[in-house]
1. Over the residues of segment 113-229, compute the C-alpha Rg and express it relative to 2.2 N^0.38 Å.
2. Provide the per residue accessible area, probe 1.4 Å, for segment 177-281, rounded to a whole number of square angstrom.
3. Applying a 10 Å radius around every beta-carbon, put 270-283, 90-103 in order of their mean neighbour count, most first.
4. At 7 Å along the Cα-to-beta-carbon direction for both Val199 and Gln343, put a label point, then send me their distance in nm to one decimal.
5. By average Cβ neighbour count within 10 Å, what is the ranking of 178-184, 149-155, 263-269 from highest down?
6. Rounded, prolate or oblate for segment 197-279? Axes are the square roots of the Cα gyration tensor eigenvalues, ordered a ≥ b ≥ c, and the cut-off for rounded is a/c under 1.5.
7. Pop out the Kirkwood hydrodynamic radius of segment 219-347 from its pairwise C-alpha distances, inverse of mean 1/r, in Å to one decimal.
8. Just to check I understand the Karplus step: with θ = phi - 60° and J = 6.51 cos²θ - 1.76 cosθ + 1.60, what whole-Hz values come out for segment 130-138, glycine and proline as x?
Amino acid sequence: MRTESSAIDGTGIAVSTDTDLTSAARTGAGRPTADARDVTDGTPAGSLPRPPGAGRRNPSPADRRAGTLQAALGVTAFSLTFPATAWGLEGFGPWSLVAVRCVLAAVVAGGCLLALRVPVPARRHLAGLGVVAAGVVFGFPLLTTLALQTSTTAHAAVVVGLLPLTTALFSALRTGARPSRMFWLAACAGAAAVIAFTVQQSGGALTGADAYLFGALLICAAGYTEGGRLARVMPGWQVIGWALVLCLPLSVPGALVALSYEPVHLTAHSVTGLLWVAVGSQFLGLVVWYRGMASIGIPKASQLQLAQPLLTLVWSVLLLGERLTPAAPLTAAAVLVCIALTQRARG
């Protein structure tokens, strides 16, 4: 019998199924066998365990706490990306920095995949991995790096201020997630607080870098959403790992060409910045980020990023010597309230 249904999984995401169920695939009071589960959820029987909370209607409180902590660690890693990129630009050109960071991250990820003998992803997942690669491996790093050539990290943080809300919108459109009205109100309030603060911090002026930043916002939200969806059926580190490996045919030639045209001046800052954006932001940060998304859902995980611009501004003061206005503590308090509301909101 052919059936079409819609269910809510443990991440709070609506999942559509279109399956052929036969009486031989069901046992007892209509419970699918292992082979039937292979058909109904798209995950091969006997595959690697899914992330905590994935595939459950109601993940346990322990799973939710673990997922929140993992997503928060990802946000912390991402908050250092802009200052590390500014350091990297002291010794590398923008194209060289992006290409080399992709190659280094892919070498680390590929080594892990090879050492653990992880099988190649199923063909049905390749399109999603391509979106992740385009969004978070190439698109966002390249566009933000180009923007940081003429923009301060404080001004560039405005793109991150809008990213949580944009990711939640992409999740609703792509996966059918339906957070509550309270969630959307808190998310919009948090985004407004962050935008007001970052615009005030940059003097309220729009620059030529804003086109890069808004483009990065859209493409990164798509990559986050698709990566969070894939992390329900494979470990988060494999999602970003395979996306990085798939980019090697482009990133290796790109790095060689960019390095031949852009001069390189190795300094402690430039090398440290390159290593962080390659290993910290591009791989390790996305590993825990996608795992957290799979545990608590894309919309709720995305709202933790409301804290990212404020963390970035703190790093910009400590690492780059930029100045912070007295409005920062007030904005931080408002953002924390909004984050708490989105985490407690139904759905």
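1. Working: Rg = 16.5 Å, N = 117, 2.2 N^0.38 = 13.4 Å.
In units of the 2.2 N^0.38 Å rule of thumb, it is 1.23.
2. Numbers: 4590 Å² over 105 residues.
I get 44 Å² per residue for this part.
3. On the way: 270-283: 21.1, 90-103: 23.0.
Descending packing order for the listed peptides: 90-103, 270-283.
4. About 2.8 nm separates the two model spin labels.
5. Numbers: 178-184: 16.4, 149-155: 20.1, 263-269: 11.4.
Per-residue mean Cβ counts within 10 Å order the peptides as 149-155, 178-184, 263-269.
6. Details: a/c = 1.92, a/b = 1.09, b/c = 1.75.
It is oblate, given that a/c is not under 1.5 and a/b is not larger than b/c.
7. Details: mean 1/r = 0.0578 Å⁻¹.
Here the Kirkwood hydrodynamic radius works out to 17.3 Å.
8. These are the phi-based 3J(HN,Hα) values: x, 5, 4, 4, 5, x, 9, 8, 10 Hz.
The values are calculated or read from the model by the stated rules, or taken from the named source; none is laboratory data. Keep in mind it's a predicted model, so treat the numbers as computed, not measured. For neighbour counting, all protein chains shown are included, and Cβ atoms are generated from backbone atoms with ideal geometry for every residue, glycine included. The protein model used for the area step is the full one, side chains on, heavy atoms only, and it has no ligands, DNA or RNA in it. Shrake-Rupley method; radii C 1.70, N 1.55, O 1.52, S 1.80 Å.
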